[in-house]
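Just so you know, all these numbers are worked out from the coordinates, no wet-lab data involved. Please read these numbers as outputs of a predicted model, since none were measured by experiment. Because the Cβ atoms are built from the backbone with ideal geometry, glycine has one as well, and the counts that use them run over all protein chains shown.
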Amino acid sequence: MQAQATLDTVNNDHQELDRRIIQATQAGLPITRHPYQLVAEQLNIKTSLLLERMKLMQDKGIIRRVGLIPNHYKLGYKANGMSVWNVDESIIDSLGEKIGAFEFVSHCYQRPRFLPEWPYNLFAMVHGFSRDEVYEKVAIIADSLGDQNHGHEVLFSKQILKKTGLRI
Amino acid sequence: MELTATDKIIINHLQGNFPLDESPWEAVAELTGIEIDTLIERIQTLQDEGYISRFGPLYDAQKMGGGLSLAAMQVDKSDYESVTEIVNQFEEVAHNYEREHKLNMWFVIATEKPEQVFEVIEKIETASGYSVYNMPKQKEYFLGLQLKV
């Protein structure tokens, strides 16, 4: 009983610590020679513990990746088209993987339909320097799907109304 | 500011390879052939100039135990501004885009607990008078694309 209680306390401590780590790093790391050391000092923990927890979060997929997050728009990718596709549920996985494999697709998700007004169940984000480029890429996807594609549209973003990082 | 050849190497190589290590830069310098001081100075500049929006870990809200969804609304032109204001005031709304479609407002909801997504949607529906289409991802086909410059 006591051993279990101790273990739970440890788990809770780690949960609380991970939360503090996420809060301290979600807006970015300090761009310095020893960024983790600086974060660890700020959290009043050892750098080795910080790295141990972050590696564990990476193994669990809580941390997707560590590096720079490019600003597509500023880098010239002015056109961002959300392509949406109506495909058969029974083969959606193989089609999703096929679309996801194109190097110009940055995200590919299955999402619920809302019939009749929204028949699309596969979403693929396509980035390009211009709308024409996005349309060309969408045409490549359409070609690859052939008659497995029961209809698609491209929704261009007209305006960013809000953009903040993730906050917990 | 124009991107230099060095900047492009940095952007192309550092979208996911920053080590979790006490001295992370050594490996980056080796990978890119760029000196550590230059790396640090250029990344700071790229961030200051807005070419990179952030430098650090990218967290997955759902794996953190939170809720995440994409939601869409069909809003009349005349109400667009006021509904934008209503939607944006929710701190759970992370991104909000105007898109060219009948469904003309698309936003991402990120909450601490999964069930809170529905609460936020209900509140937005009540406050705006419009229905919200909740489109959480059911499956992700991931690729880990690296944007090339």
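Remarks
- If R0 equals 45 Å, the separation of the Cβ atoms of residue A:113 and residue A:55 corresponds to a calculated FRET efficiency of about 0.70.
- Among A:128, A:151, A:138 - extreme Cα towards positive end, dipole of the range A:121-168, charges at beta-carbon: A:128
- Helix-only mean residue ellipticity at 222 nm for chain B, each DSSP H run of n ≥ 4 adding -39500 (n - 2.57), per residue, nearest 500: -10500 deg cm²/dmol
- Between residue B:53 and residue B:148, the contour length at 0.36 nm per residue exceeds the Cα-Cα span by 32.6 nm.
- Computed extension length for residue A:150-residue A:125: 7.2 nm, one decimal, from 0.36 nm per residue of separation with the Cα-Cα distance subtracted.
- Within the listed set A:14, A:150, A:72, the Gaussian network model of chain A (springs between alpha-carbon atoms below 10 Å) gives the highest mean-square fluctuation for A:14.
- Normalised by 2.2 N^0.38 Å, where N counts its residues, the alpha-carbon radius of gyration of the protein assembly as shown equals 1.08.
- Kirkwood radius for the range B:74-129, taken over all pairs of different Cα atoms as the inverse mean of 1/r, rounds to 11.7 Å.
- Diffusion coefficient, µm² s⁻¹, Stokes-Einstein with Kirkwood Rh over alpha-carbon pairs of the range A:1-118 at 10 °C and 1.306 mPa s: 86 µm²/s
- Rounded tilt (10° steps) of A:47-59 against the dominant C-alpha axis of chain A: 30 degrees
- If you take all other residues with their beta carbon under 15 Å from the beta carbon of residue A:58, and give Lys and Arg +1 and Asp and Glu -1, the sum is +1.
- Net lengthening on full extension, residue B:30/residue B:78 (0.36 nm per residue, minus Cα-Cα): 11.7 nm
- Square roots of 5 times each gyration tensor eigenvalue, C-alpha, the range B:9-149, largest first, Å: 38, 17, 13
- Distances between every pair of Cα atoms in the range B:1-76, grouped in 10 Å steps from 0 to the bin holding the largest one, split as 15, 40, 22, 17, 6, 1 percent.
- Check: the protein assembly as shown dipole with +1 on Lys, Arg Cβ and -1 on Asp, Glu Cβ, in debye: 60 debye
- Shielding by partners for peptide A:26-38, expressed as the average number of C-beta atoms from other protein chains within 10 Å of each residue's C-beta, is 5.
- Here the simple spin-label model places points 7 Å from the Cα toward Cβ, and for residue B:8 and residue B:123 these points are separated by 4.7 nm.
- Helix-only mean residue ellipticity at 222 nm for chain A, each DSSP H run of n ≥ 4 adding -39500 (n - 2.57), per residue, nearest 500: -13500 deg cm²/dmol
- D (Stokes-Einstein, µm²/s), Kirkwood Cα radius, the range A:49-91, 0.890 mPa s at 25 °C: 171 µm²/s
- Two-site label geometry, residue A:27 and residue A:89: point separation in nm, points 7 Å out along Cα→Cβ: 4.4 nm
- Helix B:36-48 and the long axis of chain B differ in direction by around 30°, with both axes built from C-alpha atoms.
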